[in-house]
1. Kindly establish whether A:Glu220 is crowded, with 18+ Cβ neighbours inside 10 Å, of a type outside the set (A, V, I, L, M) and under 12 Å from the mean Cα position of the chain (by Cα).
2. Can you name every residue in region A:166-190 that is closer than 21 Å to A:Gly109 by Cα and of a type in the set (Lys, Arg)?
3. So, B:Pro189, is that one surrounded by fewer than 21 Cβ atoms within 10 Å (Cβ to Cβ) and in contact with a Ser or Thr (Cβ under 6 Å, 6 or more places away or on another chain) or not?
4. For residues that are hydrophobic (A, V, I, L, M, F, W, C) and either touching a Pro at 6+ places or on another chain (Cβ under 6 Å) or facing another protein chain (nearest Cβ under 7 Å) (or both), tally how many sit in region C:23-36.
5. Before we move on, is B:Thr101 touching a residue at least 60 places away in the same chain (Cβ under 8 Å) and either crowded, with 23+ Cβ neighbours inside 10 Å or more than 7 Å from chain C (Cβ to nearest Cβ) (or both)?
6. Output the number of the condition that B:Ala177 fails; it satisfies all remaining conditions of (1) farther than 23 Å from A:Gly109 by Cα; (2) within 14 Å of chain A (Cβ to nearest Cβ).
7. For region B:122-143, indicate whether the set of residues that are closer than 30 Å to A:Leu128 by Cα, in a helix (DSSP H, G or I) and more than 14 Å from chain A (Cβ to nearest Cβ) is non-empty.
8. Going by what's in this entry, would B:Ser165 be described as modelled with pLDDT under 90, buried (at least 24 other Cβ atoms within 10 Å of the Cβ) and closer than 28 Å to A:Lys139 by Cβ?
Amino acid sequence: MPTILAEKTEVYEKKGKNKKEFQNSKTILKIKDLYKSYNIKTPVLSMIEMELKQGEFVSIIGPSGAGKSTLLRCINRMIEPSEGSIVFDETEITSLSKKALRGERAKIGMVFQHYNLVSRLTVFENVLHGRFGYKSTLKGILSIFTEEEKQLALEILDKLGMKEFAYKRCDQLSGGQKQRVGIARALVQQPKLLLCDEPIASLDPNSSKVIMDHLKEICETMGITVLVNLHQVDVAVKYSDRIIGLNKGRVVFEGLPKELSNYAIQDIYGSELEDLIVE
Amino acid sequence: MNAQFDVIKKKRIQMTIILLVMLLIVFGAKVLTDFSFMEGLASIPGTVFWMFTNLIPTAEAMENFPKVMERLWETIILSILATTTAGIFALFFALFGSKTTKINGLLALLSRVIASVFRNIPVVAWALVLVISFGHNVVTGYFALFFTTFGFLVRAFMETIDEASTDSVEALNATGATYFQMVFRGVIPDTLPQMLSWVFFMIDTNIRSATLVGLLTGTGIGYIFDLYYKRLDYPTVGLITLSIIVVVIVIELISNKVRRMIL
Amino acid sequence: MQISEIASSTTSSIKVRNGKIQIKTFNRSNFVLQLTLAFLIIFTVVAPFFLDYKSIDLQTAIFYTVDNLKMMFLQPALNQITIGTALIQILITLALAFLSTVIGAVISFFLAIACAKNLAPTWLSNTIITFNSFIRAVPTVLWVLIFAIVAGLGSVAAILGMTLHTIAYLSKAYSESFEEIDGGMIEALRATGAKWWHIIVHVVLPQTSSYMISWTFLRFETNYGVAIAMGAAAAAGGIGFELFMSSSFYYDLHEVGAITYFALIIALILEVISVQIKNRLIGSR
């Protein structure tokens, strides 16, 4: 099947690749000195530095209010960063014009906690919304998609086990199914980077596992870099190549899952740790 | 224990004060408007009795039926027309004014202020001013209804957009969609049913407002009501009232049915 | 990949028409939605041709209107009445609105209890709903004029007419918030053997009071507008009557403008208060 999906599978065959080899991979995202504040006294994010390699699966963990969502949204400038530099795919994001920004956003997929689907449209239509970044305004408004785009959407839906629901209205789906549609919409963008903001926070354990497995597989077989905000430390340890700990807007931990000691967890969660254990 | 007791006591005193103030205002309002509760109460049975004896359309009144229908039809057209045209303008103002779809803060504020002013200028003020230059003409009624409907629908649409589409707007912006792609494929599909529901509500309201405007501007069903009311031809007045009731209830039934099907 | 291949490679659940993959299928609610929209659009385009415009010279009329609006909004002035009179008349309008809201609210409370599906038998609730929609179907001004035949034109007729609509509106709003009360709470109290009135006072009232206050003030805001209209159209007194006099009797557009500004400022203040009440008591979602 000569679709883009299949091509990627060939080029980025990564299974069995040693984790340390990321050092030689291409850098997809490089954040330097990122700073965000709404008022001068309390910055939401400060001095954020990070580098993501192609095909890496990185989790950001931290207590609520640590700035995880803000950080993710600064990357595609859904929230305007105050200072610093964000280089995505060799393009400086922070200085882009509105139009150029749209072009870069098209290459960054985003998955949300509340799925953020247009609830009265079909699964198929929602997935195709991922192509808007590549379309003229008029074609988008009139929902004119090429057969290749539709085919791509169907393949992705098939991969996620959602093809039979293609004509279902999104408000008739369960949470786990909605999230898979959300992922499909992001994948149809053919992104180089997938930003996932608490993708499993509203899901039951079974659906959560399905979603995380899909994200991991996407990362491994399609070579897409995945950056995911997580609340659950155990999930982050299980799935990630690398973990970043955030507390009060600062990076307080960065390392491999096995390096995440109890001491480090205490650093990240601080006083909230006890609540976490009780849970 | 004591503190709890104090809270209850304090609440009770508060309630008593509020009640007393309310009573005081009621008394003041009563004096100011020269209103008497007894007189009001006493006139209810009389009015009900009078309604059942005088407002029954007689055979004579039925002769006026075609004339009434003609004016009623005019009123219906006017109400729907004013609502739909105002709705189109309101949609754009609501998009610019809503928190999720605004283009910039200044435009949003401007659109909210304009809508608020139009909503709060009484419909009678529009009617009375327009009638001076447009005369006893349907155009007067149309514009009077248009302005207030516009103001109301902007607010209703804005709240609908804010409530229903914050999430999908975020997602579409993240895919790199343009503003109009986001509006037409994200906001409109999710909010159109609710907006249409508001349009129906406004058509319903406007038929009643059109009666008022008609009274003042000499158009539509309001004009013919005024005419027969002043002639003391009460059976015809009854006929007109009944026909308004029928129209309003039929429109309400239709809109309820459609609303159930589209929501 | 050829389109025919797509059709065959996809399972039967995917619909293809004219060699193109369909992205949506027939859906009744969308169909009704589009039908309704189409009807409204066609109606809007066609209906203007069915209206009788008599012999209106639109160009001159618009020219005069712009001129009139300019006089009204840019050069407002009080000529026939003093500022004191204007303020007193506004107070009278507010008083009319206040009285009909308060009377209406008290009656609505009892009607709403009898109308809420979780507190009253179905037949009673349906009777009240029917009665309400009958009241609502008759425009306020007609109610006022009908009451005026027995009570005479003036505040009594105006307040009675406005109260009727207030009742129809508030009893619906109240009963809907009653119906939203968690059934378990009522059940729990019933299980302790509490009397019906205890349930009303200890569950229904505290649970819904903020909604009721918010709805009631919203109605007061509406009634203020209605009171202006009744002053103008049914001689109920207040600022509406002055508006009517200055426009239809004195043709003094400067004064119409000044009065409109007065009325507008009060309306805006009421709107701000009502939004504040709603946000503070119910909280913005």
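The values are calculated or read from the model by the stated rules, or taken from the named source; none is laboratory data. Just so it is clear, the structure is predicted and the values come from calculations on it, not from any experiment. Cβ atoms come from the backbone with ideal geometry, glycine included; neighbour counts cover every protein chain shown.
1. Details: crowded, with 18+ Cβ neighbours inside 10 Å: yes; of a type outside the set (A, V, I, L, M): yes; under 12 Å from the mean Cα position of the chain (by Cα): no.
When the stated conditions are applied, A:Glu220 does not pass them.
2. Of all residues in region A:166-190, those closer than 21 Å to A:Gly109 by Cα come to A:166, A:170, A:175-190.
Within region A:166-190, A:Lys178, A:Arg180, A:Arg185 meet the criteria.
3. Details: surrounded by fewer than 21 Cβ atoms within 10 Å (Cβ to Cβ): yes; in contact with a Ser or Thr (Cβ under 6 Å, 6 or more places away or on another chain): no.
It is false that B:Pro189 is surrounded by fewer than 21 Cβ atoms within 10 Å (Cβ to Cβ) and in contact with a Ser or Thr (Cβ under 6 Å, 6 or more places away or on another chain).
4. Initial filter on region C:23-36 (hydrophobic (A, V, I, L, M, F, W, C)): C:23, C:26, C:31-33, C:35.
Filter again for either touching a Pro at 6+ places or on another chain (Cβ under 6 Å) or facing another protein chain (nearest Cβ under 7 Å) (or both), leaving C:23, C:32-33.
Number satisfying all stated conditions: 3.
5. On the way: touching a residue at least 60 places away in the same chain (Cβ under 8 Å): yes; either crowded, with 23+ Cβ neighbours inside 10 Å or more than 7 Å from chain C (Cβ to nearest Cβ) (or both): yes.
It is true that B:Thr101 is touching a residue at least 60 places away in the same chain (Cβ under 8 Å) and either crowded, with 23+ Cβ neighbours inside 10 Å or more than 7 Å from chain C (Cβ to nearest Cβ) (or both).
6. (1)
7. The initial filter retains those residues of region B:122-143 that are closer than 30 Å to A:Leu128 by Cα, namely none.
Within region B:122-143, none of the residues are closer than 30 Å to A:Leu128 by Cα, in a helix (DSSP H, G or I) and more than 14 Å from chain A (Cβ to nearest Cβ).
8. On the way: modelled with pLDDT under 90: yes; buried (at least 24 other Cβ atoms within 10 Å of the Cβ): yes; closer than 28 Å to A:Lys139 by Cβ: yes.
For B:Ser165, the condition - modelled with pLDDT under 90, buried (at least 24 other Cβ atoms within 10 Å of the Cβ) and closer than 28 Å to A:Lys139 by Cβ - is met.
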